[in-house]
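Worksheet for the structure shown next.
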Amino acid sequence: MRFRTEQRLDDDVAERGFTLGDIPGTLWTPGSATAPVPLILLGHPGGLDRMYPRLLARARSAVAQGYAAATIELPGAGDRPRSPAADQARADLRRVLAAGEPVDDGIVDRLVLPLVDAAVPEWQALLDALPALPGIGGPVGYSGGVISIGVRLGVVEPRITAALLYAGSFVPRAIVDQARRFTIPVQVLLQWDDEWNDRQMALDLFDALGSGEKTLHANMGGHTGVPAFEADEANRFFARHLR
């Protein structure tokens with residue numbers, strides 16, 4: 001891990017840009033923390049530049065609650081090398097949705113499973129690097145999407161103790177099967193009218209999660225219409241499991 005940029009934001013948040021190998025990322029920490037703080041990994045569906053305003057808002061909220069927050073750019077997003085196969089699967093998905101046709105499993109598998117296979121080891125490498133830094137210590141949470149990445153991480157990564165998953169993407173059946181081995185506390189956030197999400201897939205995934213504590217928050221509205229009060233709900237969830 002190599003830090004490239006550093007700035008202090010106006011609400012006592014220290015923001016540092018880094019590269020992990022050749023993967024860009026950002027770390028936010030409390031500027032005045034006197035002891036190591038828990039960590040929340042911020043999942044997202046796109047490049048860091050495009051997602052920065054939303055990621056920063058989520059990071060500020062996490063830091064205000066006494067956590068560190070970190071994220072990395074997904075394979076094929078931002079300035080990272082594109083995947084022609086993923087681009088074709090994405091184009092096929094958009095064509096099917098525009099035509100009002102059902103989305104078949106083959107398109108979902110081609111789009112999502114290679115991304116999960118590539119991204120999860122990178123998130124694990126980030127977890128290898130961050131605890132070595134001063135000021136970070138204790139439990140780790142995962143917050144955000146792509147939901148299939150969050151599910152796989154929750155299954156294979158024992159350092160993650162709780163997850164807040166955003167149901168905003170299509171889910172392969174293989175991930176639903178893996179969800180039965182997902183046992184950490186989880187809260188799933190579902191936008192009922194999400195134009196980029198198959199509601200029944202999200203409900204099937206929630207039903208399959210093997211967690212003893214799992215909660216579904218379903219709100220009316222489209223993909224970007226998440227109610228502001230869900231930030232407070234997220235804070236309460238992580239307070240229960242990271243403190």
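What to note about this one:
- Rounded to the nearest whole Hz, the Karplus-based 3J(HN,Hα) values (6.51 cos²θ - 1.76 cosθ + 1.60, θ = phi - 60°) of the stretch 155-161 follow the sequence 7, 9, 10, x, 6, 8, 9, with x at glycine and proline.
- The chain: antiparallel DSSP beta bridges as a percent of all, rounded to 5: 45 percent
- Karplus 3J(HN,Hα) series, Hz, for the stretch 62-78 with 6.51 cos²θ - 1.76 cosθ + 1.60 (x for Gly, Pro): 5, 5, 4, 8, x, 10, 8, 9, 8, 8, 9, 7, 6, x, x, 9, x
- Loop-resident sites, the stretch 141-243, for GluC sites (Glu not before Pro), counting at most 15 other Cβ within 10 Å (DSSP): Glu195, Glu213
- Additional length obtainable on full extension of the chain from Leu97 to Arg50, 0.36 nm per residue less Cα span: 14.6 nm
- Computed label-point distance, nm, for sites Thr215 and Asp109 using a 7 Å Cα→Cβ extension: 3.6 nm
- For Ile40, nonlocal amide neighbours, meaning residues 5 or more places apart or on other chains whose placed amide H falls under 5 Å from its own, are Ala68, Ala69, Ala70, Gly141.
- Directionally averaged projected area (convex hull, Cα atoms, the stretch 1-157), nm²: 9.9 nm²
- Other residues within the sphere of radius under 12 Å centred on the Cβ of Leu164, judged by their own Cβ, net out at +2 (K and R +1, D and E -1).
- Projected label distance in nm at His223 and Arg159, using a 7 Å step from Cα toward the beta-carbon: 3.1 nm
- Placed amide H near Leu165: partners under 5 Å, 5+ positions off or other chain: Gly144, Gln187, Val188, Leu189
- Interchain or long-range residues, amide H under 5 Å from Gly137's placed H: Val37
- Counting all C-alpha pairs of the stretch 97-228, share separated by more than 23 Å (%): 34 percent
Coordinate-derived values only; no laboratory data. For clarity, every value in this text was computed on a predicted model and none was experimentally measured. Neighbour counts are summed over all protein chains in view; Cβ atoms, including those assigned to glycine, are modelled from backbone coordinates with ideal geometry.
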